[in-house]
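Peer 1: Provided herewith is a single structure, encoded as structure tokens, for subsequent inquiry.
The values are calculated or read from the model by the stated rules, or taken from the named source; none is laboratory data. All values derive from a computational prediction rather than experimental measurement. All Cβ positions, glycine included, derive from the backbone under ideal geometry; neighbour counts span all protein chains shown. Ligands, DNA and RNA are excluded from the accessible area calculation, which covers all protein heavy atoms including side chains. Shrake-Rupley method; radii C 1.70, N 1.55, O 1.52, S 1.80 Å.
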Amino acid sequence: MNLQVNSSVHPYSIIIEPGSRKQLYEYIIEQTKKHPTSFLVITDDCVADLYLEEVLNSFPNHIRVETSIVPHGEKAKSFQQYENLLTAALQFKLDRGAMIIALGGGVVGDLAGFVAATYMRGIPFVQVPTTLLAHDSSVGGKVGINHQLGKNMVGAFHQPSLVLYDPELLMTLPEHEWRSGFAEVIKHGFIADKEFLEWLRRNVTSFQHWDMNILSEMIYRSIAVKAKIVEEDEKEAGNRAFLNFGHTLGHAIEAELGYGEITHGEAVAIGMKFALAVSEKVFHVNLNYETYLKMLESLGYDLTIPDVNIHKLLDRMKVDKKSYNQSIRFVLLKEFGNPELIEITEEILLEELSMKKG
Ligand code: NAD
Ligand code: ZN
């Protein structure tokens, strides 16, 4: 399956193809029409153990391929790792004709993409996502690292030259990483495609057993939603904010619990449940969303708001980077597929938070 994203910088393909990791080099040459002088594969230690060899074997012997391995997890999106990678690129004497390959989840994609965006003022890079969540992070060109004072606070827009998705790579993902990624999939259904939402309910009943066709189609349809939104709003001036559905509370929960206690998507799932309830209240509609909550629960999600101080959650929502002037901007749904960004009062949120916590 093949999708084209028309970014203003350059169009690029997203290819979703089981087994494609074994022909990575051929895909790069064919799809990007570039002939890089050399490659730097950036990956994390877990992914390296599982897949690095196979990926390296896809390159012919005469092609120069270097590798840099970072520790797994969010901590790798640091100034230290960023600098280490720039040092490695300089030591390898990569020139402006070189290409970076991000082999990994969203962490590696963001970090390696930021190295590509800034090394010698920018060199091309290819995303080879290895998590389900990375179907979201590998598309749209946002790359970056964390600052001690905030997540994703340092970064750039740098579009990949190709996204090559091999769904077979996901078969080694632990259950909570499936939940993390699937929350973004269902989010795309909620904000943009009712029919897809129903399709998900019918076709995704377990994360343990996948039909490759279903998995590929799911990734394809979910990426299509994101690609359309980022094409229309590349620099996040308008509709791209809809992608934050469920994220205002989700981010607050992640931050309040401490990153790593809960995955991003698991927190976003709680945030979506909350945003659905607030939507019904604010728009006086009946969304009939319970069936989707049941689906999420049967897939192992715990949708209850964790036991943290709700005033602290509210304070965090106020400083979420998507809000201005201390009023809280929230993505709500008038109906499935029809999101709206609106400012709501603290009172409504507080009332709803207190209710949900019993
Ligand atoms: P991740 O990259 O840390 O991967 C999660 C864990 O799974 C890691 O320990 C990793 O080693 C392991 N792993 C990766 N692939 C595996 C595989 N195939 N089999 C077994 N284990 C595997 O996390 P993630 O959830 O993929 O991404 C989260 C990051 O993405 C966050 O830093 C977030 O800020 C970022 N993000 C970016 C965007 C964007 O638009 N740029 C969007 C959403 C999220
Ligand atoms: Zn997200």
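Peer 1: Hey, can you tell me all the residues within region 155-211 that are surrounded by fewer than 21 Cβ atoms within 10 Å (Cβ to Cβ), charged (D, E, K, R) and more than 30 Å from residue 124 (Cα to Cα)?
Peer 2: Once the filter is applied, which keeps residues that are surrounded by fewer than 21 Cβ atoms within 10 Å (Cβ to Cβ), charged (D, E, K, R) and more than 30 Å from residue 124 (Cα to Cα), region 155-211 yields 175, 193, 194, 195, 198, 201, 202, 211.
Peer 1: Could you tell me whether residue 236 is at positive phi and part of a loop (DSSP other than H, G, I, E, B)?
Peer 2: Details: at positive phi: yes; part of a loop (DSSP other than H, G, I, E, B): yes.
Here the answer is yes, as residue 236 does meet what is asked.
Peer 1: Which members of region 245-254 meet the condition of being open to solvent by less than 20 Å² (accessible area, probe 1.4 Å) and either part of a helix (DSSP H, G or I) or away from ligand 2 (no atom under 12 Å from the Cβ) (or both)? I'd like the intermediate steps shown before the answer.
Peer 2: Of all residues in region 245-254, those open to solvent by less than 20 Å² (accessible area, probe 1.4 Å) come to 245-250, 252-254.
Correct list: 247, 248, 249, 250, 252, 253, 254.
Peer 1: Then there's this: Could you check region 26-47 and list, in sequence order, the residues that are assigned to a helix (DSSP H, G or I) and either acidic (Asp, Glu) or open to solvent by 40 Å² or more (accessible area, probe 1.4 Å) (or both)?
Peer 2: 26, 27, 30, 31, 45, 46, listed by residue number.
Peer 1: Please verify whether region 57-64 includes one or more residues that are closer than 16 Å to residue 128 by Cα and in contact with a strand residue (DSSP E or B) (Cβ under 9 Å, 6 or more places away or on another chain).
Peer 2: yes
Peer 1: Also, quick follow-up: Any chance you could count how many residues in region 255-275 are within 12 Å of ligand 2 (Cβ to nearest atom) and open to solvent by less than 10 Å² (accessible area, probe 1.4 Å)?
Peer 2: Count: 6.
Peer 1: May I ask you to say which residue of 258, 238 is more than 12 Å from ligand 1 (Cβ to nearest atom) and farther than 21 Å from residue 153 by Cβ?
Peer 2: Selected residue: 238, the only one of 258, 238 that is more than 12 Å from ligand 1 (Cβ to nearest atom) and farther than 21 Å from residue 153 by Cβ.
Peer 1: Additional query: Please find, among 244, 288, the residue that is more than 16 Å from ligand 1 (Cβ to nearest atom) and polar (S, T, N, Q). If you could, list the steps in order and put the result at the bottom.
Peer 2: Numbers: 244 fails: more than 16 Å from ligand 1 (Cβ to nearest atom).
Being more than 16 Å from ligand 1 (Cβ to nearest atom) and polar (S, T, N, Q) holds for just one of 244, 288, which is 288.
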